[in-house]
Amino acid sequence: MAQHNDLGKKGEQLAVNFLLENKYTIVERNYRFDKAEIDIIAKKNDVLAIVEVKTRSTTDFGNPQDFVKPKQIKNIVKVVDQYVIENNLDVEVRFDIIAIVKKPGRFEIEHLENAYYHF
């Protein structure tokens, strides 16, 4: 497996651990619909947090959250719509990003709540 794939998987696990430590319940991981995917669906206080995880080994080319592009947001919203309908949910939905940067001997984690809005 490519090194960037390993880093991405490590980042997703770190994000799950972070959310659990912060009293979230993990509802789904890697939920797919029509060629699009949501990294993590978590719940806390009747809010469904749709979490995109971005992990980078450096910020030389920008912060991890800068790599969530409009087309990806559009796809995520489509997947969330399907998920809510499929599961007959009546909940508030929030779109978050967990940005992770690998530093020497550690990972820096930033949780951006309401990081973007659907359009």
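List of remarks:
- Interchain or long-range residues, amide H under 5 Å from residue 116's placed H: 95
- Residues 95, 33, sorted so that the one with the fewest Cβ neighbours within 10 Å comes first: 33, 95
- C-alpha long axis of helix 70-86 to longest principal axis of the chain, angle in °: 40
- The chain: relative contact order as a whole-number percent, Cα under 8 Å and 6+ apart: 23
- For peptides 46-55, 107-116, 72-81, sequence by mean Cβ density within 10 Å, most packed first: 46-55, 72-81, 107-116
- In the structure shown, the pairs 10/102; 69/102; 35/102; 10/71; 10/54; 10/44 are assessed against 19 Å; a Cα-Cα span above that value is assigned to 69/102; 35/102; 10/71; 10/44.
- Projected-area mean, the chain, by convex hull of Cα positions, square nanometres: 7.8
- Global form of the range 1-49, assessed from the alpha-carbon gyration tensor, a/c cut-off 1.5: oblate
- Simple Cβ-charge dipole of the range 1-87, Lys/Arg +1 and Asp/Glu -1, about Cα centre, in debye nearest 20: 80
Each value in this text was obtained by applying a stated rule to the coordinates, not by laboratory testing. Predicted model, so just to flag it, every value in this text is computed and none were measured. Counting neighbours? That spans all protein chains shown, and the Cβs are built from the backbone with ideal geometry, glycine included.
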